[in-house]
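J.: I am attaching a structure below and will ask some questions about it afterwards.
Derivation of every value follows stated rules applied to the coordinates shown; laboratory data play no part. Please read all numbers here as calculations on a predicted model, not as lab measurements. Cβ: placed from backbone, ideal geometry, glycine included. Neighbour counts: every protein chain shown.
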Amino acid sequence: MDDDDELRAAFRGAFGAGLPTDACPPPEQIFEAYHRLLPREEVDAVIDHIASCPVCADAWRLAGRTAPPAPERG
């Protein structure tokens, strides 16, 4: 199992607190918000959401255990 497979499996397991709803941001957005790769307003919206959603709070904690993406070289 490579790192990507391990991360996918961890994200699937992160939803042990329940299932995401239509109001939940996608996992990619949670990851990007955690690593501050989104505009401040979007990060704030994700943080507001995870404050009341245990499913997304688990995904946020998982994002914290992953390395941020490497900067693209141009």
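J.: For a test of the definition: using alpha carbon positions, the gyration tensor, and the 1.5 limit on a/c, classify segment 24-68 as rounded, prolate or oblate.
T.: In terms of gyration-tensor shape, oblate.
J.: Report the one residue of Ile47, Pro26, Leu62 whose Cα lies farthest in the direction of the positive end of the charge dipole of segment 24-68 (charges on C-beta: Lys and Arg +1, Asp and Glu -1; origin at the Cα centre).
T.: Leu62
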